[in-house]
Structures are given as C-alpha cells and as structure tokens.
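The values are calculated or read from the model by the stated rules, or taken from the named source; none is laboratory data. None of the values given here were measured: they were computed from a predicted structure. Note: ideal-geometry Cβ built from the backbone for every residue, glycine included; neighbour counts use all protein chains shown. Surface areas here come from the heavy atoms of the whole protein model, side chains and all, with no ligands, DNA or RNA. Shrake-Rupley method; radii C 1.70, N 1.55, O 1.52, S 1.80 Å.
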Amino acid sequence: MAIVRSVPETTDGRRRLALDSPVDRRPIDEIEVAGAAEVADAVAKARAAQRGWAARSAGERAEILRAAVNVLVTRRDEIIDTVHAETGKPRVEALTMEIVPGCDFLNHWSARAPRDLRPRRERLHGYIKPMKKLYINYIPLGVVGVITPWNGPFILSLNPVVQALLAGNAVLLKPSEVTPRSGEWVVRILREAGVPDDVVQVLHGDGETGAALVDADIDKVCFTGSVGTGRKIAAACAQRLLPYTLELGGKDAMIVCADADIERAASGAVYLSMFNTGQVCMSIERVYVVDSVADEFIRRVTEEASAVTYGPGAADMGPLFWDRQLDVVTRHVDDAKAKGAGVVVGGAPAAGNGLYFQPTVVVDATHEMDLMTEETFGPVVSITRVRDEDEAIRLANDCRYGLSGSVFTKDPDKARRIAARLETGTVVHNDASVIYGVAEAPFGGWKDSGVGQVNGTDALRGFTHAQPVLIDRWQVKKESNWYPYTEKSLRQLEAVVRYGFGTRLGRRFMS
Ligand code: NAD
C-alpha cells in the first residue's frame, strides 16, 4: 500500500499523504493531494489538447498506443519495482496481473479500435429502408475522468485509459492514494510512446481529489472501486447528467458440481481465493460444494492451502495492501468463528510487522456470517456444503453483489446451463478471475456490482457518442406524410398498417 498517513501540509497549504510499505511499515513515499483548483486547471488543459488528439484518425492514435507495448516491455522491471514497493505483491504476480494483461490490452485495443470506431453503415429494415441510409459515427466525448482502486494498481488504470484515448478523448487519471506511483506509470509509458502530455494526465490524491474530478468540467466518469464510493459518484453524476461506468465490488461464488475434476477444483479454489492476497474484485469469495464430493474437496483444499508460503521475499503470497483491509479480513474470520464456522487452516493475522494474513480455509460457513455476504478481499477459502447444484445456485444468487461466478464441472453444457441461472455479470467454467483479461468479453457487474462494462466493443464505443446519421436517398421535394394532410396520405398510411403489418408476407418484408 501502502498504509496512508496524513502529514503536515506544505507551506502553500496543500495536503500531503505519506505511504508506508505493507511489507514492513517502512516509509516509502509521500504525495501532495491535488485540490479542486488543480483539478480544474488540469481539465482545462485536457480540453484544449483533446481537439488536436480527436482530429487525428483512430489509426494514428492506435499507432501511438501500439508503440506503448514496446515501452511497457522495456520498462517492465521498473514498473514491477514500483508495484512491489507499494503493494508487496510477489513479482510473478505483478507480471501475471499487471504486465502481461497490460501488453495484451494495449496490443488488442490498438488493433481493434480503428475498426470498431470507424463510421459504419447499418442496414435498415422495413418501410424506411427504400428511402434512407443509416451511418453511425463514433464521436469522442471530450474529457474522461478515470478513477481507480489499489488492488490492480497498474492494470485497472491502464485498461480504461487506453480505451478512452483510442476513442479520441483526453484523460485525467486519479489513481488510488494507496498505490499512486503504480498508477502514474500508466501516464508515463503512454507519454513516452507519444501521447501528448496534456492529453493524458495524472492527478494524485484521495477521495477529495476524486470528488473534485467528478465535479469538474468533464464528459464521462469511468470508476473502479467500492460500492459505497460508486454510489456517491453515481449521485454526483446524476446531478449533471454525466455518463458513467461503475466497476464495483464482488462476492463471487464458485460452484463445485459432483462431476467436477476435484483436483483442479481444489487447486482453483485455493489459487483463485488467494491470488493477489485475495484482493481481486472477481476472486472466489464463497465456495458451494456438492455434498457427495465435499470431503475429498475439503481434504485437498486443506492440503494445498497449508502449502501456500507467505511473507516478505520469494513467497506465494504477499501482504494485504492496506491496513484497513487487514482489519476487514480479521473481522470477517472472527465473526465466522464466533458463529460456528470451523477454521481448518490459518485464521489470523500473521506475526510480525507487515500486513500479512495467514492463508485461511473456513468450513461450514453460512449466510449468517459476514464472510459469506460482505466482500472480504482477503486470502480466505470459505466453504459451504450443499445438497445439490440447485441449492448451490440458490445460495450463489442470495447475495447483493453479482460481479462474476464460477462453475466447476467436467460438462461444459452443464456449465452453460448453470451460468444462465446465475445473477452475475460474467460466468467462468473451471476458472475465475481470468475473465477480466479477456478483452472481447463485456465485463461488468450485475446488482450492486456495477453499471456498464469495461471490455468488449460496446465498452470501447462507450467512450464515444454513437451518432446515427440518416441519409436521404432520393431527395424528393416532399415526403408523402408531411403537411398538408390529405385523404391520399391517410390511405397510404392505412395501407402500410393493413398490408405491411396485417399480413404474414407484409410482416416478413417489414422485419
Ligand atoms: P474505493 O472506492 O475506496 O476507492 C476507489 C477510488 O475512488 C480511489 O482512487 C479513491 O481515492 C477514490 N475515491 C474515494 N472517494 C471518492 C469520492 N467520494 N469521489 C470520487 N472518488 C473517490 O475503493 P478501493 O478500496 O480503492 O478499491 C477496492 C474496491 O474496488 C473493492 O470493492 C473491489 O472489489 C473494487 N474493484 C472492482 C473492480 C471491478 O472491475 N469491478 C476491480 C477492482 C476493484
């Protein structure tokens, strides 16, 4: 994280925040908080620069963004150093979660954008078809504010920023105050690749800076973070009718069917609950395992979780990134214990100075426990036995969140049938978090987990205004339904209804 402390203001009265390492609580950095005036100034510069950026073709913009792949490849070790310093996450995890998908997103979006954002012709149907032609332009919105969290401090900033830029917008990134320098790298590599300085800027600070950005003269907010902050942003945007996307928290369920490969399911449950110290919005937070295979599953999970190494240095698992998160995880596990759950592995903060929590396995968890209803965001596998798959689906849906879901079975068709009954934004078969890295998959939450999507063509186009342009084919002097209304126009319209929609042949022509 870092642990964030307020420190004395600068001589010009600006607030400052100090960051301490989550590994050993050593001071590592300080940032100055951007206030409303600085935010407004940055937005004004962005607005002025955006016109020139938008005037370039999508292909030219894509060429610059494609060059950023090389910069990212070249600078990866420095970026990993920063991510590691701020979060303590193992280097392999920084590569898996931040760098590899970062290269892939840059590469993919820069290849896709010129095609997806090109003005296109849409085929018309019915009676309008002989008279008009429809084109759709994708026009940049202007200035986009991107506000991001600390758990994927580089990738969760890079992905929306790249899409917004390719769509022709200027972008102001407000990374989390917990991981500010990791977010700043996004702006550094994009500028190094050739994006003009004022077109992509970083604003450091906490919620005050984020709120000032939402209130500033911007044209869209793209927010990733908690449900509570998401609600505040939605309320602020509503006042101004500002479009927004909200990628919020999750409480993702994993369903282990009787026909699952239990070895894979157990390894998956441990890894997908503990990867990034469990601080992944679509990590596994609850496991529902069918009774007939539960003993074998729990035995294997216990074995695998007991072997997970943690602590400073080369280990499987790093610390929690934020001191507040250590409190949340401890509280949830204590609450589960108090309400009768069994802790078969770990169950407490680790000894020492860092923000480490033991890899933990909890069995007999119920929906009376916060561990099964609130986002825990920690390295805990929480397991509930269920009678059958129907009960698993019912319990999985008994939740205010609906980000993603996961089904372990050897039968892909069954996975699809279960997916159709899950109230979640996405569903993954025999896996989980990987879905965010699949750029073609429209990723977004259902229920309290969000509004809108971050990936897929629609998300890219969501950084534009889709402008339909209806072109007149024949340029006749006057349309038959314009003034003056006559008996003839009445008869023509009646004929459209009677023969166009009142007969099977007509309906076929009209559709
Ligand atoms: P958070 O809501 O506390 O903060 C997120 C960002 O919002 C930070 O940059 C913060 O400074 C800023 N912020 C805080 N108050 C604000 C306000 N009033 N107005 C504007 N900005 C404000 O979230 P967090 O603790 O940083 O992140 C963890 C949460 O993010 C978890 O719930 C996690 O599930 C969620 N998350 C969701 C996704 C997703 O894609 N759905 C991905 C990653 C994380």
Once you have the Cα-Cα distance between Asn481 and Ala37, take 0.36 nm times their residue separation minus that, and quote the gain in nm to one decimal. 154.4 nm
Starting with the highest mean, order 335-345, 104-114 by the number of other Cβ atoms within 10 Å, averaged over the residues of each peptide. 104-114, 335-345
List the aspartates and glutamates whose Cα sits under 18 Å from the Cα of Lys410, skipping any in the same chain fewer than 8 residues away. Asp259, Asp261, Glu263, Asp291, Glu296, Asp388, Glu389, Asp390, Asp431
Sort the following peptides by mean Cβ neighbour count (other Cβ atoms within 10 Å, averaged over residues), highest first: 247-260, 474-487. 247-260, 474-487
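If you add up the charges near Asp219, with Lys and Arg at +1 and Asp and Glu at -1, over every other residue whose beta carbon is less than 12 angstrom from its beta carbon, what do you get? Display every interim value, and only then the final one.
Details: positive: Arg47, Lys220, Arg240; negative: Asp217.
Here the charged neighbours net out to +2.
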So for the stretch 378-452, what percent of the C-alpha to C-alpha distances run longer than 18 Å? 43
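Based on Cα coordinates alone, diagonalise the gyration tensor for the stretch 122-162, multiply each eigenvalue by 5, take square roots, and list the semi-axes in whole Å, largest first. Display every interim value, and only then the final one.
Values: eigenvalues 337, 26, 10 Å².
Whole-Å semi-axes of the equivalent ellipsoid: 41, 12, 7.
Using only Cα atoms, what is the ratio of the radius of gyration of the stretch 159-213 to 2.2 N^0.38 Å? It would help to have the intermediate numbers written out before the result.
Details: Rg = 10.9 Å, N = 55, 2.2 N^0.38 = 10.1 Å.
So the stretch 159-213 has a normalised radius of gyration of 1.09.
What is the Cα convex hull volume of the stretch 105-243 when expressed per residue in Å³?
On the way: hull volume 19.7 nm³, N = 139.
Measuring per residue, one finds 141 Å³ for the Cα hull of the stretch 105-243.
Efficiency by 1/(1 + (r/R0)^6): what FRET value for Arg394 and Leu124, r their Cβ-Cβ distance, R0 = 56 Å, to the nearest 0.05?
With R0 = 56 Å, the Cβ-Cβ based efficiency is 0.80.
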Which pairs in the list Lys133/Lys477; Lys133/Lys447; Lys232/Lys414; Lys251/Lys414; Lys129/Lys478; Lys414/Lys447 are over 29 Å apart, alpha-carbon to alpha-carbon? Lys133/Lys447; Lys232/Lys414
Using the Cα centre of the chain as origin and beta-carbon charges of +1 (Lys, Arg) and -1 (Asp, Glu), tell me which of Leu422, Gln453, Cys399 is placed farthest towards the positive end of the dipole. Gln453
From the gyration tensor of the Cα coordinates in the stretch 252-440, what semi-axes in whole Å does the equivalent ellipsoid have, largest first, with each one equal to sqrt(5λ)? 25, 17, 16
Any chance you could list P(r) for the chain, counting all Cα-Cα pairs in 10 angstrom bins from zero, rounded to whole %? 4, 18, 25, 23, 15, 8, 4, 2, 0
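Using the crude model of +1 on Lys and Arg Cβ and -1 on Asp and Glu Cβ, and no other charge, please compute the dipole size for the chain relative to its Cα centre, in debye to 20. Don't jump to the answer; show the numbers that get you there.
Details: 62 positive and 67 negative charges, 685 e Å.
Charge dipole, the chain, about its Cα centre: 3280 debye, nearest 20.
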Can you return the lysines within cross-link range of Lys45? Criterion is Cα-Cα under 22 Å, with same-chain partners fewer than 8 residues away left out. Lys174, Lys220
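What FRET efficiency comes out for the pair Glu423/Ala236, r = Cβ-Cβ distance, R0 = 30 Å, nearest 0.05? All intermediate terms of the calculation are to be shown ahead of the outcome.
On the way: r = 27 Å, r/R0 = 0.91.
About 0.65, to the nearest 0.05.
Charges only on Cβ, +1 for Lys and Arg, -1 for Asp and Glu: so what's the dipole of the stretch 1-72 about the Cα centre, in debye to the nearest 20? Present the calculation step by step, with values, prior to reporting the outcome.
Details: 12 positive and 11 negative charges, 63 e Å.
Around 300 debye, computed over the stretch 1-72.
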How far, in nm, would the chain grow between Ala48 and Arg324 when pulled straight, counting 0.36 nm per residue and subtracting the alpha carbon separation? 95.4 nm
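If you take the square roots of the eigenvalues of the alpha-carbon gyration tensor of the stretch 38-155 and sort them as a ≥ b ≥ c, do you get rounded (a/c under 1.5), prolate (a/b over b/c) or oblate?
Numbers: a/c = 2.61, a/b = 1.89, b/c = 1.38.
It is prolate, given that a/c is not under 1.5 and a/b is the larger ratio.
Starting from the Cα-Cα distance between Thr309 and Asp217, subtract it from 0.36 nm times their residue separation and give me the gain in nm to one decimal. Working shown, then result.
Details: separation 92, 0.36 × 92 = 33.12 nm, distance 4.80 nm.
Result for the pair: 28.3 nm of gain on full extension.
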Let me spell out the model: positive unit charges on the Cβ of Lys and Arg, negative unit charges on the Cβ of Asp and Glu, origin at the Cα centre of the stretch 252-440. What dipole size does that give, in debye rounded to 20? 100
If you count only protein heavy atoms with a 1.4 Å probe, what accessible area per residue comes out for the stretch 399-511, rounded to a whole Å²? 63
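Please report the carbon-and-sulfur percent of the accessible area for the chain; probe 1.4 Å, protein heavy atoms only, DNA, RNA and ligands left out.
Values: 11640 of 22260 Å².
The nonpolar share, carbon plus sulfur, comes to 52 percent.
Ala258 to Arg507: FRET efficiency via 1/(1 + (r/R0)^6), r the Cβ-Cβ distance, R0 41 Å, to the nearest 0.05? Provide the component values of the computation, followed by the final result.
Values: r = 47 Å, r/R0 = 1.15.
Step by step, r from the Cβ atoms, then E = 0.30.
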For the Cα atoms of the chain, what angle does the longest principal axis make with the long axis of helix 291-306, in degrees from 0 to 90, nearest 10? 70
Sticking with the crude label model, points 7 Å out along Cα→Cβ, report the distance from Val438 to Glu60 in nm, one decimal please. 3.7
Report, to the nearest 10°, how far helix 36-55 tilts away from the longest principal axis of the Cα atoms in the chain, using its own Cα long axis and a range of 0 to 90°. 50
